[in-house]
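Below: the structure, in structure tokens.
The values are calculated or read from the model by the stated rules, or taken from the named source; none is laboratory data. Please read these numbers as outputs of a predicted model, since none were measured by experiment. Every residue, glycine among them, receives a Cβ derived from its backbone with ideal geometry; neighbour counts consider all protein chains shown.
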Amino acid sequence: MPTADEPAPPDDDAETHDHTRQSRADDTTHVSTGHNAAAPDSFETIEAGASMLMAEGTGAPRSGGASGERPGTAIGRYMLLRQIGEGGFGSVFLAEQREPVVRRVALKIIKLGMDTRQVIARFEQERQALALMDHPNIAKVLDAGATATGRPFFVMELCAGESITQYCDRNSLSIHDRLALFVQVCQAVQHAHQKGLIHRDIKPSNILVSTQDGHPLAKVIDFGIAKATAAKLTDKTLFTAEAQSIGTPQYMSPEQAEGSLDIDTRTDVYALGVLLYELLTGVTPFDPKQLRSAAYSEVHRIIREVDPLSPSSRVSENTDTIASVSASRRTEPRRLSSIIRGELDWIVMKALEKDRRRRYETASGFAADVLRYLAGDPVFAAPPSAAYRFRKFVRRNKGPVFAAGGVAGALVLGLAGTIWQAHAASLERDNARIQAARADERAAAAEIAEAEQRRLAAAEAEQRRETSAQRDRAVAAEADARRRAEEVQKVADFQGRMLAQVDPTEAGLQLAADVRARFDAALSKAEVPDEERARQVEAFVEQWSRVNATDTARDLIDHIILKPAVAAIDAQFPDQLIVAAGLRSVLAERYLDLGLAEPALELERQALADRRCILGEEHSDTLVTMSNVALHLTALGRWSEAEEILRDTLAKSRPCARPAIMKRSRPPPAWPACWTIEDNSTKRSRCTRR
């Protein structure tokens, strides 16, 4: 239909009609936003992610697939090159802008026949939502207008990329790199929230990632169902029918599944939690196949009521896919679960809380906790069930576990008390870390708000001073808890030295003498004549001499004292790796004192693995433990392995620290004694044994 200032073309003049149509296209009105984003370097990856640029629609009927425009059509100053995506209501074209600059862009237009009032309102909402934002991780609106037939369109920067999950898996990004990329997404979502918008459909296909200057760059797209938290986005405000859910079920928050109108920014925090869950494990918290096959009400019940497995538990459970999932994250299956377990579990499960009051308050708070994890600082999230697990432990261990006499019984009780004290000290340290993390959360939130809003107020200054004071108190409490843990370790070392004084040979001789005396006393009590009693005692002694009393005493000490202690460490300290490593090292020394080098080596290697995981390769405790592993290998006669580990220890240690490491280690009788640098050019070393 012609506009008021354009005369209708005469029906009998086809040439004039074509000219008029072209004029209408040329006269299309545009509203420029002033952005001049450069076109991407490559367009081959556009088609793979083209549908991600589209809103998913609300179920309105399609127009039979005809958009009304096709490659070669000119819309104002844009020439359509090819269609790169299609949704329920609109189509996306790769277009070339002809003026005032020449560049390639993405042009989104309502399909022919779909320009109903509701569809136009939603289309206008997405356009206005994108126009409000100016962030490097959000697709920019460059231009907007209407075609000659009155159908609206808008022009965006061309986002060449693929979904965030596909990009991470194809490039085998490590857990560290995935977390750093996820922070970009959080910052983009936080920007939208500060502009008064809730995305409501955060999922991998709405986050495109490409490589820019050698680094991954995320772009959040598709604000087609975004919700304004304050003013209307447009005078054609889009309303949703009562109790109707909008979004993707796998990424939908419980309150969003209920169809509640009371949706706030924490619904996006939940969806970000699902996204991080998938980046870590390769799957979403709830199985998409199960959700697709379930009834509508059952899907909503699952989202609202069922608690998903933690990410580390899900990784361990998926035995069929763990090898490929680990490989795409540049780690081993056993290592992947240990990386996620603990702080990353806590962070993800906090974001996935059913009660939104228990989630992160903001996307920036979520990002701040991830950044604290990457920096090695205490995180704000923490497991809520530590006290519960401790109460269960106390109830399970009310009665005495083993009965032993004399010094052995006292040592067992002392070791059990040491374990309990170490656990209590660990709980206190965790509490102190939680307090410090909470103080860090408030400080980080204040800093982010200051950087984003660039304003300072007297109240904020006072809040920062109070936060700093609270953090100092929390840090002091953590230091006190650490000192207590060190005191517990000293008690364990002292009790270990007491146990080391138990000599198996002497104990065996004492055991043989005790058995002979008991046998003699039994014969005397039975009134056996002296001559016969002497003969029977001599025969008993002859039989007993065939038994190795030393081995018998050693086995008794192992089964009554050491093995129960090892089992107690494994059961009670699965999450306290440093405390467990220290106790295992103490028990390894005792095994070696008894001449049991194999179990000593196994315990020391477990302690080494834990310390490498928590402290790193070059920490002094790790290096001392490596030295002790070499000691146990020499006790088994495995000299080449011991030499290799010792060379590794010396290579990782600073020269000034080596005397302290050797002092804390236990030198074996045949320890590699002389290490000399023979050639500065080859840096070769030689080991000779005494």
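Quick notes on this one:
- The single condition among (1) modelled with pLDDT under 90; (2) within 30 Å of A188 (Cβ to Cβ); (3) not hydroxyl-bearing (S, T, Y) that D320 does not satisfy is (2).
- Against the conditions (1) in the same structural domain as R654 (by TED's automatic domain parsing); (2) at pLDDT below 85, L577 satisfies every one except (1).
- Elements of the type helices (runs of 4 or more DSSP H) sitting completely within the range 549-603 and holding at least 3 residues that are over 22 Å from V624 (Cβ atoms) and among the aliphatic types (A, V, I, L, M): these cover 549-557, 563-572.
- Verdict on A381 being assigned by TED's automatic domain parsing to the domain that holds P285 and closer than 19 Å to R471 by Cα: no
- Checked against the criterion of being over 15 Å from N206 (Cα atoms) and crowded, with 22+ Cβ neighbours inside 10 Å, the range 159-177 has no qualifying residue.
- Residue in the range 620-640 that is surrounded by fewer than 16 Cβ atoms within 10 Å (Cβ to Cβ) and closer than 30 Å to A375 by Cα present: yes
- From A461, A422, A437, residue being at pLDDT below 75 and either in the same structural domain as E361 (by TED's automatic domain parsing) or part of a helix (DSSP H, G or I) (or both): A422
- Of the numbered criteria (1) under 23 Å from the mean Cα position of the chain (by Cα); (2) of a type in the set (S, T, Y); (3) modelled with pLDDT of 70 or more, the one S385 fails is (3).
Yes/no per residue for (1) surrounded by fewer than 16 Cβ atoms within 10 Å (Cβ to Cβ); (2) modelled with pLDDT of 90 or more; (3) assigned to a strand (DSSP E or B):
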position: E69; (1), (2), (3): no, no, no
position: M79; (1), (2), (3): no, yes, yes
position: F93; (1), (2), (3): no, yes, yes
position: V101; (1), (2), (3): yes, yes, no
position: A106; (1), (2), (3): no, yes, yes
